[in-house]
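J.: Let me begin by handing over the structure; questions about it come next.
The values are calculated or read from the model by the stated rules, or taken from the named source; none is laboratory data. Not measured: the values here are computed from a predicted model. All Cβ positions, glycine included, derive from the backbone under ideal geometry; neighbour counts span all protein chains shown. Ligands, DNA and RNA are excluded from the accessible area calculation, which covers all protein heavy atoms including side chains. Shrake-Rupley method; radii C 1.70, N 1.55, O 1.52, S 1.80 Å.
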Amino acid sequence: MRSKSGFSFFSKITSSRKRPSFSRPSNSYDLSGIDKTIDNAAEIIEKWNTEYVSSNNFYSLFCESKREAKKFVRRVKELQNAMDLLIREDPSSDNLLRAQRLMQIAMKRLQKEFLQILSMNRAHLDPESVSTRSPTSVVSNDEDSWHEYRSVGDSIMEVEEVSKNSRKELKSIAECMISAGYAKECANTYKSIRKSIVDESIYRLGVEKISSSKAKKMPYEVVELKTKRWIEAVKVSMKTLFISEKTLCDEVFESSASLRESCFRDISKEGALLLFGFPETVTVRDKKNPQMEKIFPLLDMYCMITENLLAVEAIFSFPSMLAVRTQAHISLTRLSESILSNLAEFESEIRKDTSKTMVPGGGVHPMTISVMDHISRLSEYSSSLMDILNGSPSSSPDKSLLPKSYFNVTESDGSPTSELKVRFAWLILVLLCKIDGKAEMYKEFSMQYMFLTNNLQHVVSRARSTNLKQLLGDDWITTHFEKVKQFARSYERLAWDPLVSMCPTISTCEAVGMSQEEAKMQSEKFNGSFEKTCEAQSECVIPDPKLLDEMRISIRRKLLPIYRDFYNAHRNAVMLRGKEGGWNIRYTPEDMENRLSELFTGKGISDNRYVCTEDLCVVRTATTTRSLSCRRF
C-alpha cells in the first residue's frame, strides 16, 4: 500500500511515459463529464473509506452487498479511464489530483477486501476443501446414512458455489488493481495468504526438510515411515494441492501472464522442491549401506515420481519453475542408482552366504524362502525395473553365463522385457547354485536330493504363483518342475530302491515252490528292511502338500501291489500265528500303507516336528519355538 508520503500514484502512472508539456486544456474532452465521473466515484469510494473504520469494526463491502461491490469496482474503473484522459489532456489539473487521492483510497479498500476474501474463504478456496467433503467418504450400509449422504452432497454444492463466487470476486479486484498500477500490492497480498496454505498443507502431509546428516542418523524404521507419508503426500499434492493452486492463480490473474507465473512460483516452488527433494536425501543416506529391505521403499518412490512426471512437467511448466522439474528428474536418477546398488548387493549377499544351517529333514532352507520372497516381490515392479535396467545396460548379467538348459538365452532379443527376464533368471540361478552347495552338508545322498527337491519345488511354486510366471515364461516353469521330478526320482532311487529290489524275490515265492520256512525268511527279511528304511526316512519332510502326495503315491505303487500278492498267497500261514509252526507277518498291506502315509512329516526328528510356512521355517518342540529365518536379505 502506498503511504501518503510515499511514491505517488500520479508519478507511478506517468513514470514510464513522457510527461507532456503544460498547455491549455484541449476542447477534445468534456470537462463536465470528467467532473461527473469523479463525483460518482467519490460518492461510493468515500462511503467505504477504510480510514474512517477501525480494524476491529471492518465490514466487507463484498460481504455486505454484492451489488454495491460490483458498483464500487465499476466506478473505480471509470475513475481510472478519467485519469488516463486527464493525464493526456491536462496533467496539472486539480481534478487529476483529486482523482489520484480517490484512487489511493479505493486501492487501499480493494486491497483490504482482497485480503478479507482470501482469509475468510480460506477453507472454500483450499484445494482440499471439496475433495475432503466427497460423499464417497460416507461408507455405511445403514439406510439412515442416506440423510448424511445427502447432507454431505449439499455441503459440496455449497462449497463449490462459495468457491466460485469468491474466485470471481478475487479476479474482479485483481483486474481492477492491476489496471490501476497496483499489481505488486495485489500479488503480495495474494501470496502472503496462499503461500501459508501451501506450506501448511505440505507440513500437514508429513513432509519436512531433512538434512543429509540428520537423515543418516535416523533409524531405518523412521525413514520408512517418512517414506510412506511422502508417497501419500505426493498423491495429494499432485492431484489436489499444486494443480488447484495453479488453477486458482490462472483464474485470479487471468489478465496478467507475468503475475500468474510469479505468484504460482513464489507460492509453490519452495514446497515442491521440498517434496521432490526428499527421495534424494533418502538415497544419500542408504548409499553406503544398501540392504534388500530398503529397495522396496525406493521402488515405491521411483514409481510415484514416474507416475507423476508428466503432471510435474505440466503443472510446473513455467520457466521460473525449472528447478522443480530438475529436482524431480534428479531424484529419479538417484533412486535408479540406489536401486541398482541394492540389487547388486542382494546378489552379492546370496553369493557370500556362509550359513551352516542344516535344515532338519531336508526341508526348505530359510535362505530359499527369504530370497524367493524378495524376488517375487521385485517382480511386482517389473515396469519400473525395466526402465531402470534399460538405463543401465552394464548392470545386466552376461547372458553367456546362463546355461541353455536352464534358460533359453536365444529368446533374449535385447528388449527391456527380455533383459528383465534374464536378470530375474540369473538371480534365481545364483540362489539355486548356493542351494546346491548347501545340499552337500547332508551325509546321506538321498537326503541331499530330498533337500534339492524341496527347495527347487519352493522356488518354482513361488514363481508360478506370482508375477514371475509372466516374466520367466511357461517354458521356464515347466522345465524346472520337470527338474523337481528328477530330483524326487533320484531320492526314491537312493532311499527306496534297495527295498524295491527285494520285491521280485517275494513275488516269486509261490511260483518256485518255496517252502513255508523259506517264505518266512524272505518275509522277515523284507519286513526288517522295510522297517529300517522307514526308520531311516522318518526324518524327511516334504512341506509342499502336492509333492508330498506324489511322493507317497509313487512309493506305494512300487511296494504295495507285490507285497499284497505275497501276503494273500501266505494268508494260511499267517492264520497259524501263535500255534506250533506258525509265524508272524509284521505288516499287513493295510499296516504298510498306513506306515507309508506317515512318511515325510518329520515325525522321526527326535519327537520334534518340522513345519515350513510360506514366510518362516521353524522347529517346534513341546516347549519352545526356535526361529531359523535368515534375516540377512
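J.: Could you look through segment 531-566, keep only residues that are crowded, with 19+ Cβ neighbours inside 10 Å, modelled with pLDDT under 90 and in a helix (DSSP H, G or I), and pick out the one that is farthest from the chain's Cα centre (by Cα)?
T.: For segment 531-566, the residue satisfying everything is PHE566.
J.: How about segment 503-529: which of its residues are at pLDDT 80 or above and either touching a helix residue (DSSP H, G or I) at 6+ places or on another chain (Cβ under 6 Å) or small (Gly, Ala, Ser) (or both)?
T.: PHE526, GLY528, SER529, listed by residue number.
J.: Given the criteria surrounded by 18 or more Cβ atoms within 10 Å (Cβ to Cβ) and either of a type in the set (A, V, I, L, M, F, W, C) or modelled with pLDDT of 80 or more (or both), does VAL618 qualify?
T.: When the stated conditions are applied, VAL618 does not pass them.
J.: Run SER320 past the list (1) among the polar types (S, T, N, Q); (2) over 27 Å from ARG229 (Cβ atoms); (3) open to solvent by less than 10 Å² (accessible area, probe 1.4 Å) and report the number of the one that doesn't hold.
T.: SER320 satisfies all of (1) among the polar types (S, T, N, Q); (2) over 27 Å from ARG229 (Cβ atoms); (3) open to solvent by less than 10 Å² (accessible area, probe 1.4 Å) except (3).
Yes or no, residue by residue, for (1) touching a helix residue (DSSP H, G or I) at 6+ places or on another chain (Cβ under 6 Å); (2) at negative phi; (3) at pLDDT 95 or above; (4) in a helix (DSSP H, G or I):
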site	(1), (2), (3), (4)
ALA272	yes, yes, yes, yes
PHE276	yes, yes, yes, yes
THR281	yes, yes, no, yes
ARG285	yes, yes, no, yes
LYS288	no, yes, no, no
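J.: Test each condition in (1) of a type outside the set (Ser, Thr, Tyr); (2) open to solvent by less than 20 Å² (accessible area, probe 1.4 Å); (3) over 14 Å from GLU175 (Cα atoms) for GLN80 and report the one that comes out false.
T.: (3)
J.: When the residues of segment 456-468 are filtered to those that are open to solvent by less than 60 Å² (accessible area, probe 1.4 Å) and of a type in the set (Ser, Thr, Tyr), which remaining residue is farthest from LYS438 (Cα to Cα)?
T.: Looking at residues that are open to solvent by less than 60 Å² (accessible area, probe 1.4 Å) and of a type in the set (Ser, Thr, Tyr), I get THR466.
J.: Here is a follow-up. Within segment 469-494, work out how many residues are open to solvent by less than 80 Å² (accessible area, probe 1.4 Å) and not aliphatic (A, V, I, L, M).
T.: The qualifying residues number 12.
J.: Within segment 223-232, is even one residue open to solvent by 30 Å² or more (accessible area, probe 1.4 Å) and not in a helix (DSSP H, G or I)?
T.: Within segment 223-232, not a single residue is open to solvent by 30 Å² or more (accessible area, probe 1.4 Å) and not in a helix (DSSP H, G or I).
J.: Sort out which residues of segment 213-222 are surrounded by 11 or more Cβ atoms within 10 Å (Cβ to Cβ) and under 12 Å from VAL284 (Cα atoms), and write them in order of number.
T.: Residues satisfying the conditions are LYS214, ALA215, LYS216.
J.: Same structure again: Being of a type in the set (Lys, Arg) and crowded, with 19+ Cβ neighbours inside 10 Å is the filter here, so list the residues in segment 328-375 that pass it. Give the steps one after another, and end with the answer.
T.: Residues of segment 328-375 that are of a type in the set (Lys, Arg), as a first pass: 334, 351-352, 356.
Result: ARG334, single match.
J.: Another question, if that's okay. Would you confirm, using the coordinates I've provided, whether SER268 is crowded, with 22+ Cβ neighbours inside 10 Å, touching a helix residue (DSSP H, G or I) at 6+ places or on another chain (Cβ under 8 Å) and among the polar types (S, T, N, Q)?
T.: yes
J.: Just a yes or no: is a residue in segment 56-70 at pLDDT 90 or above, out of contact with any strand residue (DSSP E or B) (no Cβ under 6 Å at 6 or more places or on another chain) and under 15 Å from GLY181 (Cα atoms)?
T.: Taking every residue of segment 56-70 in turn, none turns out to be at pLDDT 90 or above, out of contact with any strand residue (DSSP E or B) (no Cβ under 6 Å at 6 or more places or on another chain) and under 15 Å from GLY181 (Cα atoms).
J.: When the residues of segment 84-107 are narrowed to those that are open to solvent by 40 Å² or more (accessible area, probe 1.4 Å) and of a type in the set (A, V, I, L, M, F, W, C), which ends up farthest from ASP39 (Cα to Cα)?
T.: Once the filter is applied, the top-ranked residue is LEU85.
J.: Something else: When the residues of segment 174-205 are narrowed to those that are under 23 Å from ARG229 (Cβ atoms) and either in contact with a Leu (Cβ under 8 Å, 6 or more places away or on another chain) or among the hydrophobic types (A, V, I, L, M, F, W, C) (or both), which ends up most open to solvent (accessible area, probe 1.4 Å)? Before you say what the answer is, go through the steps one by one.
T.: Let us first name the residues in segment 174-205 that are under 23 Å from ARG229 (Cβ atoms), namely 195-205.
Applying the additional criterion that residues be either in contact with a Leu (Cβ under 8 Å, 6 or more places away or on another chain) or among the hydrophobic types (A, V, I, L, M, F, W, C) (or both) yields 197-198, 201-202, 205.
Values: ILE197: 5, VAL198: 0, SER201: 4, ILE202: 4, LEU205: 39 Å².
Checking each candidate, the answer is LEU205.
J.: Can you run down the residue pairs with Cβ atoms below 7 Å, 6 or more apart or on separate chains, where the first is in segment 335-362 and over 23 Å from PHE487 (Cα atoms) and the partner is open to solvent by less than 10 Å² (accessible area, probe 1.4 Å) and not in a helix (DSSP H, G or I)?
T.: Listed pairs, sorted by first residue: PHE346/PHE633; GLU349/PHE633.
J.: Working only within segment 239-265, note down all residues that are closer than 30 Å to ILE295 by Cα and either hydroxyl-bearing (Ser, Thr, Tyr) or buried (at least 20 other Cβ atoms within 10 Å of the Cβ) (or both).
T.: Passing the criteria: THR240, LEU241, PHE242.
J.: If you go through segment 302-338 one residue at a time, how many are touching a Leu at 6+ places or on another chain (Cβ under 6 Å) and under 24 Å from GLU221 (Cα atoms)?
T.: Of the residues in that region, 4 qualify.
J.: Looking at the structure I just gave you, is ASN121 at pLDDT below 90, of a type outside the set (A, V, I, L, M, F, W, C), within 53 Å of the chain's Cα centre (by Cα) and open to solvent by 50 Å² or more (accessible area, probe 1.4 Å)?
T.: In short, no.
J.: Would you confirm, using the coordinates I've provided, whether SER255 is more than 23 Å from MET386 (Cα to Cα) and outside any helix (DSSP H, G or I)? Spell out the reasoning first.
T.: Numbers: more than 23 Å from MET386 (Cα to Cα): yes; outside any helix (DSSP H, G or I): yes.
Judged against the criteria, SER255 is a match.
J.: Next question. So, in segment 372-406, of the ones that are modelled with pLDDT under 90, part of a helix (DSSP H, G or I) and among the hydroxyl-bearing types (Ser, Thr, Tyr), which residue ends up nearest to CYS303 (Cα to Cα)?
T.: Top of the filtered list is SER395.
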